[in-house]
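Engineer: Can you read through this structure? Questions will come right after.
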Amino acid sequence: MNSAEFWLPLIFMGLMGLSMLIYVVLDGYDLGVGILLPQARSEHERDTMIGSIGPFWDANETWLVLGVGLLLVAFPLAHGVILTNLYLPVTLMLAGLILRGVAFDFRVKARARHKPAWDRAFFAGSLLASLSQGVMLGQLVTGFRSDGWAWLFALGIGIGLAGGYALLGAGWLIMKTEDDLQRRAVHWARIALIVTAAGIAAVSIATPAVSPQIFARWFSLQTFFALLPIPLISAALVVLLAIFLARLEQDTTHGNARGLARWDWAPFSGSVALFVMAFLGLAYSLFPYLVVDRITIWDAASAPESLMIILGGALLVIPTILAYTVFVYRIFRGKAAPLSYG
């Protein structure tokens, strides 16, 4: 294996991982807002929640398309195996994303008596997409086992991921809203944090149990202490978020506007950090495999000549998407208002 055959698959694995991490964080919070939508107490609050993600949610999904596209062109062998085994959850995820997209656009123009139905459709699409993504991740970790325990494990990851998205969504609403909706978002974040922490703990315990290879990676003498910061930092983030959210809830109850204005970004930032730590742990568990114990990134990679051409395109596309993303978030910064097409 020459240097190009070794490094190019690593570079594409890094680009694909970066794309998926950005997607999980960005689309995660707008899926979370959809999951939390039924908790709003009035139509005005639901309109404000939808308005908070209105300028961003289309661009957020671009990172999913980029990640899957890189998998298709850079690792064609693994792409076929992965999507063949994940046919059902991928179909359900697409159905969920389409349902929420249609509901998002139709609810603004719908007659008053039809609007609650579109709100329920937006919630159902968001929840279905979140659960499906978690099931896909669970199936990937187990190497696409089809027994009942593997599917139960995958469903558990789906529930944990939906809780994590709700935490990101609540953190986003704390940043983007005010008054009663902001106060309720703090309460939702406290509940979602419990679900997320329980999900991360359960997955951390179950993953080595369902995969002896992952167990050996984490609990060998050579790696155990080197990897210990990942679970320790994750636990510290959960504790800090719990303390901070309790303090923010006191601020919202007592009308401490100065404290809210100063620290309303912190829950979302802490939630993102928690997702990054979970991503690092998962990446270490799976690397260098694209299909656990069957296909490595070098087994599945396209020819180096093809990867060099694709890399040129990727180095043009990724900075463009990054620049557009930064531009959109800069333009639409500040508090959200109810979405209206006039």
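Engineer: How do TRP7, TRP263 rank by accessible surface area computed with a 1.4 Å probe, from largest to smallest? Don't skip to the end; give the middle numbers.
Structural biologist: On the way: TRP7 145, TRP263 100 Å².
Reading off the accessible areas and sorting them downward yields TRP7, TRP263.
Engineer: Identify the residues of segment 120-158 with backbone N under 13 Å of a label point that sits 7 angstrom from the Cα of ARG294 along the Cα-to-Cβ direction, or state none.
Structural biologist: From segment 120-158, the list is 139-147.
Engineer: Determine the calculated [θ] at 222 nm for the chain from helices alone, applying -39500 (n - 2.57) to every DSSP H run no shorter than 4 residues and normalising by the residue count; nearest 500 deg cm²/dmol.
Structural biologist: Numbers: 15 runs with 281 residues, N = 342.
Computed mean residue ellipticity for the chain: -28000 deg cm²/dmol.
Engineer: Then there is this: List the pair-distance distribution P(r) of segment 234-282, using every Cα-Cα distance, as the percent of pairs falling in each 10 Å bin from 0 up to the bin containing the longest distance, rounded to whole percents.
Structural biologist: 25, 47, 22, 6, 0
Engineer: Can I ask one more? For PHE6 and ILE205, FRET efficiency with R0 = 25 Å and r from the beta-carbon atoms, rounded to 0.05?
Structural biologist: Numbers: r = 35 Å, r/R0 = 1.39.
For ILE205 and PHE6, the calculated efficiency is 0.10.
Engineer: A further question on this structure: In square nanometres, what is one fourth of the surface area of the convex hull spanned by the alpha carbons of segment 111-195? Present the calculation step by step, with values, prior to reporting the outcome.
Structural biologist: Numbers: hull surface 28.9 nm².
Averaged projected hull area, Cα only: 7.2 nm².
Engineer: With each label point set 7 Å from Cα along the Cα-Cβ vector, what nm distance links ALA303 and PHE332?
Structural biologist: 4.3 nm
Engineer: Just to compare against my own numbers: the Cα pair-distance distribution for segment 206-342, 5 Å bins, whole % per bin, please.
Structural biologist: All Cα pairs considered, the percentages come to 2, 7, 10, 11, 12, 13, 13, 12, 9, 6, 3, 1, 0.
Engineer: Out of segment 262-342, which trypsin sites (Lys or Arg not before Pro) are coil in DSSP terms and have no more than 14 other C-beta atoms within 10 Å?
Structural biologist: On the way: sites: ARG262, ARG294, ARG330, ARG333, LYS335; in loops: ARG294, ARG333, LYS335.
Sites meeting the loop and neighbour criteria: ARG294, ARG333, LYS335.
Engineer: How much solvent-accessible surface does VAL73 expose, in Å² to the nearest 10, with a 1.4 Å probe and all protein chains in place?
Structural biologist: In the full protein context, VAL73 sits at about 60 Å².
Engineer: Work out how far the C-alpha atoms of the chain reach from end to end along every principal axis, then list the three figures in whole Å, largest first.
Structural biologist: Principal axes ranked by extent give 62, 43, 39 Å for the Cα atoms.
Engineer: Compute the Rg/Rh shape ratio of segment 89-150: radius of gyration over Kirkwood radius, all on alpha-carbon atoms. Mind showing how you got there, number by number?
Structural biologist: On the way: Rg = 15.1 Å, Rh = 12.7 Å.
Result: Rg/Rh = 1.19.
Engineer: What do you get for Rg/Rh over segment 123-261 if you use C-alpha atoms and the Kirkwood form of Rh? All intermediate terms of the calculation are to be shown ahead of the outcome.
Structural biologist: Numbers: Rg = 17.9 Å, Rh = 16.7 Å.
Using only Cα positions, Rg/Rh for segment 123-261 is 1.07.
Engineer: For THR296, enumerate residues with amide H under 5 Å from its amide H, sequence gap 5+ or separate chain, H modeled in the peptide plane.
Structural biologist: For THR296, whose amide H was placed from the backbone, the distant partners under 5 Å are LEU290.
Engineer: Same structure again: Distance between the C-alpha centers of segment 29-46 and segment 199-219? Whole Å please.
Structural biologist: 34 Å
Engineer: Now for a separate question. At a threshold of 8 angstrom on Cα-Cα distance, excluding pairs fewer than six apart, so keeping six or more, what relative contact order does the chain reach in percent?
Structural biologist: Numbers: 423 pairs, mean separation 91.7, N = 342.
The normalised contact order for the chain reaches 27 percent.
The values are calculated or read from the model by the stated rules, or taken from the named source; none is laboratory data. Since the structure is predicted, the reported quantities are computational estimates derived from the model, not experimental observations. As a convention, Cβ positions derive from the backbone with ideal geometry for all residues, glycine included, and neighbour counts pool all protein chains shown. These accessible areas exclude ligands, DNA and RNA; they are computed on the full protein's heavy atoms, side chains included. Shrake-Rupley method; radii C 1.70, N 1.55, O 1.52, S 1.80 Å.
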